[in-house]
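Read the structure below first, then the notes.
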Number of protein chains: 2
Amino acid sequence: MTTRSDCEALDAIDPLAPIRDRFALPDRVIYLDGNSLGALPRHVPQRLAEVVERQWGVDRIRSWNVHGWTDLPLRVGERIARLIGAEPGHVLAADTTSINAYKAIDAARRLRPDRRAIVTDTSNFPTDVYVMRGIADDAGLDLRIVEPDAVVDALDKSVAVVALTEVDYRTGRRHDMAGITSAAHEVGALAVWDLAHSAGAFPVALDDVGADFAIGCGYKYLNGGPGAPAFIYVSPNHRGSFRNPITGWFGHAAPFEFSLEFVPAEGISRARVGTPHVLGLVALDAALDVFDEVDMGYVRAKSLALTDVFMDLVGGWMEVATPRDPERRGSQVSLRHTHAFPIVQALIAHGVVGDFRTPDIARFGFAPLYVRYVDVWDAAAALRKVIESGEWKDPQFLVRGEVT
Amino acid sequence: MTTRSDCEALDAIDPLAPIRDRFALPDRVIYLDGNSLGALPRHVPQRLAEVVERQWGVDRIRSWNVHGWTDLPLRVGERIARLIGAEPGHVLAADTTSINAYKAIDAARRLRPDRRAIVTDTSNFPTDVYVMRGIADDAGLDLRIVEPDAVVDALDKSVAVVALTEVDYRTGRRHDMAGITSAAHEVGALAVWDLAHSAGAFPVALDDVGADFAIGCGYKYLNGGPGAPAFIYVSPNHRGSFRNPITGWFGHAAPFEFSLEFVPAEGISRARVGTPHVLGLVALDAALDVFDEVDMGYVRAKSLALTDVFMDLVGGWMEVATPRDPERRGSQVSLRHTHAFPIVQALIAHGVVGDFRTPDIARFGFAPLYVRYVDVWDAAAALRKVIESGEWKDPQFLVRGEVT
């Protein structure tokens, strides 16, 4: 069994150890919720303050040009593209994940107008499913929600789109993106991938697997801050043919000609809608600086090592919901327990921050950029203490709040 | 003719004069572009820094509850509600104006499923028209784009929705919101109003006029910062019946139950889609503090006085595109000139910041919270100098950039 000294030794040789110092993380908290809200990179406040005080406060309207606010969604998109295996020019940072899901899934189903179904699975994040339900109802399509293992079998020539989240937000189970995308293409369907728990956690290869559309979140492993702009990827194959259902001025070929006729922009700009959320984009842009210094292959290796250690340490006395196979999991470990809610609350009282997902999941995200091996060991030890002492039964830990 | 001394005297007794000090405005710049990007309220950077450093950086995920991030769109919406004549509970701050236009206009046309047309006018801001075009194409409706004076005549029983921007972004001409809304209701149509150039510039009375839906911008007269979240209003009449076309998790009755079945929230929360853009909302929320100290009736009185003075001073030698009738204009004055573009650039070189709108409009916004009477006088004098000297003909002023 891994000892705390083993963990200290692993931290001592971890090439990502200096990266942790780029983040604001108090010594006494073990933050295992970066899969919900990424920690603050220390340099972000200064960058944001400069934009607010100098660009907004002094240069004001000129900043749209001189500070490049207008194209921020494209520039930030380029930086995310590298992390998810996309060539430049196919990723945009804008709006929310839910809105991008709407754009992507609706665009995909329009590219298969002769098909009658959308397929997803029960492990998908609810907002994706809600968005699909709305699209399906409007377009008169069937929405087929199957078990995660039944997705490939559900694909046939009636299917326009299969839309899935790569990593299950509850269990951390990772789908076979290449295999499912390939199976979708074999029957002529398109594949839309939600990378909410993938981008920034491990390398993604959208172009290589031939994904048609992808979306993802800016505030989890990308550390862009609360409610950061999300992203959307459109495959080079659909660049000239996709339709954004929300035809706003920034998706126009020439937004500043103020014509009353809508002419869609070429390429990824077509996925734009309204005026960019500059403050959110600036924070996300700054946060992405950290990724310039890291190799995503190593990020993945460390993520697997961290989650392996945690599963080794707790697997004997807790039910692990996350697959052990490295190919089949993301960067989180989920434990199943009838009393997961108060257990998570009791752990938080010990300074170990994970989160609860209904009905019975205690979820721990291991953001490889700032989680240490000793954090893993200490978290497992704290969990053991909470379980063995029964202290989670204290009524204070039953008070429900809402956590995103 | 008003003299500069007259203007100094008006400033000396202006109840809004102290409000100007709340904004970051260098002495040597006359900023008449607050209708495009509102000036920075001085206290915003500190408030934003607190949220970034303390709430994101230290409290992290807990902030969704303890700092109320989850309900920020509702709380900020409440503050805007007061400025636009809405009862509490009917305004939400979220997303972009374009996306809110999509939600509002699509929701409105669904409430009149037996009708076949959407009506707008040629003075509407292009993004609204583009959004309507997309909705009309998808739903198989006619989009009728008429001249501003022909809107009421275009309303008949085939019309599902009339959607207009109250104040023309080019000329500053203000529509008769009460009259048009009433005419729409007479034929059974719904009225959707874009308040981009209204909210924060003068009192709006949405509930009183019976508007069905409204949308507007957070970064113009509300001073919420570049790309600030926009807002959406849903009339109490449609509270329980409207459908948001983008069915995201924050529009769910119980988003944190993570059910796979979509059950729309009651009331204005139904207009929500994804995770709130916290940083943008915090800046907008802080900016709205300034409005707590002002009476919107007086804001309007000052706006009319400022624009009157400007039109008096320039009307003899420039073509004024803005109606003189106070009932028929917003808080801007637009001048028409074949060479409006280089004239605006030359003025900017004199420290007078207005903007150009294609093809021939020089546009000057008089944000009553921080524009002084002497600014009006000095701007008019600078314009006269630019015109009489012909200095605008200098080739440097012909370089085009893009300005939002």
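Within segment A:203-220, being farther than 22 Å from A:V131 by Cβ and in contact with a Gly (Cβ under 7 Å, 6 or more places away or on another chain) holds for A:P203, A:A205, A:D207, A:D208.
Scanning segment B:254-269 for residues that are surrounded by fewer than 24 Cβ atoms within 10 Å (Cβ to Cβ) and in a helix (DSSP H, G or I), we see that the one that is farthest from the other protein chains (Cβ to nearest Cβ) is B:G267. Residue under question is A:A49, and the condition is that it be modelled with pLDDT of 95 or more, at the interface with chain B (Cβ under 8 Å from one of its Cβ atoms), within 26 Å of B:W64 (Cβ to Cβ) and surrounded by fewer than 20 Cβ atoms within 10 Å (Cβ to Cβ); does it hold? The answer is yes for A:A49. Suppose the filter is more than 27 Å from A:D114 (Cα to Cα) and touching a helix residue (DSSP H, G or I) at 6+ places or on another chain (Cβ under 9 Å); does A:G227 pass it? So A:G227 passes the test.
Within segment A:104-123, being over 29 Å from A:R173 (Cα atoms) and either modelled with pLDDT under 95 or of a type in the set (A, V, I, L, M) (or both) holds for one residue alone: A:L111. Kindly establish whether A:V374 is under 18 Å from A:Y31 (Cα atoms), β-branched (V, I, T) and surrounded by fewer than 20 Cβ atoms within 10 Å (Cβ to Cβ). Against the criterion (under 18 Å from A:Y31 (Cα atoms), β-branched (V, I, T) and surrounded by fewer than 20 Cβ atoms within 10 Å (Cβ to Cβ)), A:V374 qualifies. Does B:D153 satisfy the criteria of being closer than 26 Å to B:D355 by Cβ and out of contact with any Asp or Glu (no Cβ under 7 Å at 6 or more places or on another chain)? Taking the combined requirement at face value, the residue does not satisfy it. Looking only at segment B:322-334, decide whether some residue is more than 22 Å from the chain's Cα centre (by Cα), modelled with pLDDT of 95 or more and in the same structural domain as B:L25 (by TED's automatic domain parsing). Within segment B:322-334 (the criterion being more than 22 Å from the chain's Cα centre (by Cα), modelled with pLDDT of 95 or more and in the same structural domain as B:L25 (by TED's automatic domain parsing)), the answer is no, since none of the residues qualifies.
Considered as a group, the residues in segment A:207-224 that are buried (at least 24 other Cβ atoms within 10 Å of the Cβ) and touching a Pro at 6+ places or on another chain (Cβ under 9 Å) include one that is farthest from A:V161 (Cα to Cα), and that residue is A:N223. State all residues of segment B:21-46 that are closer than 24 Å to A:A228 by Cβ, in contact with a helix residue (DSSP H, G or I) (Cβ under 6 Å, 6 or more places away or on another chain) and buried (at least 23 other Cβ atoms within 10 Å of the Cβ); if no residue qualifies, say none. Within segment B:21-46, B:L37, B:L40, B:P41, B:V44 meet the criteria.
Touching a Pro at 6+ places or on another chain (Cβ under 9 Å), at pLDDT 95 or above and surrounded by fewer than 17 Cβ atoms within 10 Å (Cβ to Cβ): is that true of A:R82 in this structure? So A:R82 passes the test.
Select from segment B:358-399 the residues that are among the charged types (D, E, K, R) and closer than 10 Å to B:P342 by Cβ and list them in ascending order. Passing the criteria: B:E391, B:K393, B:D394. Taking first residues from segment A:173-196 that are at positive phi and surrounded by fewer than 23 Cβ atoms within 10 Å (Cβ to Cβ) and partners that are of a type in the set (G, A, S) and outside any strand (DSSP E or B), no Cβ contact under 9 Å between residues at least 6 apart in sequence or on separate chains turns up.
Restricting segment B:232-253 to residues that are in a helix (DSSP H, G or I) and closer than 10 Å to A:T127 by Cα, which is nearest to the other protein chains (Cβ to nearest Cβ)? Working first, answer last.
Taking segment B:232-253 and keeping what is in a helix (DSSP H, G or I), we get B:236-238, B:249-251.
The next check asks that each one be closer than 10 Å to A:T127 by Cα; those that pass are B:249-251.
Details: B:W249: 4, B:F250: 7, B:G251: 8 Å.
Among those that are in a helix (DSSP H, G or I) and closer than 10 Å to A:T127 by Cα, it is B:W249.
Being modelled with pLDDT of 95 or more, in contact with a helix residue (DSSP H, G or I) (Cβ under 9 Å, 6 or more places away or on another chain) and either surrounded by 24 or more Cβ atoms within 10 Å (Cβ to Cβ) or aliphatic (A, V, I, L, M) (or both) is true of B:R272.
Have a look at A:G225, A:G188 and point out the one that is more than 14 Å from every other protein chain (Cβ to nearest Cβ), assigned to a loop (DSSP other than H, G, I, E, B) and either among the polar types (S, T, N, Q) or farther than 22 Å from A:V129 by Cβ (or both). Let's see the steps before the verdict.
Working: A:G225 fails: more than 14 Å from every other protein chain (Cβ to nearest Cβ).
Matching residue, one of A:G225, A:G188: A:G188.
Let's see how each residue does on (1) under 26 Å from A:R329 (Cβ atoms); (2) crowded, with 22+ Cβ neighbours inside 10 Å; (3) in contact with a Cys (Cβ under 7 Å, 6 or more places away or on another chain):
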residue: A:P88; (1), (2), (3): no, no, no
residue: A:L92; (1), (2), (3): no, yes, no
residue: A:S98; (1), (2), (3): yes, yes, no
residue: A:Y102; (1), (2), (3): no, yes, no
residue: A:I105; (1), (2), (3): yes, yes, no
residue: A:R110; (1), (2), (3): no, no, no
residue: A:R116; (1), (2), (3): no, no, no
residue: A:V119; (1), (2), (3): yes, yes, no
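Of all residues being in a helix (DSSP H, G or I) and in contact with a Phe, Trp or Tyr (Cβ under 7 Å, 6 or more places away or on another chain) in segment B:20-60, which is farthest from B:T307 (Cα to Cα)? Just the residue, please.
Taking segment B:20-60 first, the residues in a helix (DSSP H, G or I) are B:20, B:44-60.
From the residues that got through so far, the ones that are in contact with a Phe, Trp or Tyr (Cβ under 7 Å, 6 or more places away or on another chain) too are B:20, B:60.
Values: B:R20: 17, B:R60: 47 Å.
Looking at residues that are in a helix (DSSP H, G or I) and in contact with a Phe, Trp or Tyr (Cβ under 7 Å, 6 or more places away or on another chain), I get B:R60.
The listed residues are B:G77, B:G68, and the only one of them that is surrounded by 24 or more Cβ atoms within 10 Å (Cβ to Cβ), small (G, A, S) and either out of contact with any Phe, Trp or Tyr (no Cβ under 9 Å at 6 or more places or on another chain) or under 23 Å from A:G274 (Cα atoms) (or both) turns out to be B:G77.
Scanning for something surrounded by fewer than 20 Cβ atoms within 10 Å (Cβ to Cβ), assigned to a helix (DSSP H, G or I) and away from chain A (no Cβ under 13 Å), does segment B:283-291 turn up at least one residue? Scanning segment B:283-291, I find at least one residue that is surrounded by fewer than 20 Cβ atoms within 10 Å (Cβ to Cβ), assigned to a helix (DSSP H, G or I) and away from chain A (no Cβ under 13 Å), so the answer is yes.
For the structure I just gave you, tell me whether A:D14 is at pLDDT 95 or above, assigned to a loop (DSSP other than H, G, I, E, B) and at the interface with another protein chain (Cβ under 10 Å from one of its Cβ atoms).
no
Taking the criterion of being hydrophobic (A, V, I, L, M, F, W, C), touching a residue at least 60 places away in the same chain (Cβ under 8 Å) and surrounded by 18 or more Cβ atoms within 10 Å (Cβ to Cβ), the residues of segment B:306-347 that qualify are B:L306, B:V309, B:F310, B:L313, B:V314, B:M318, B:A321, B:V333.
The values are calculated or read from the model by the stated rules, or taken from the named source; none is laboratory data. These figures come from a predicted structure and were not determined experimentally. We place every Cβ from the backbone using ideal geometry, glycine too, and count neighbours over all the protein chains shown.
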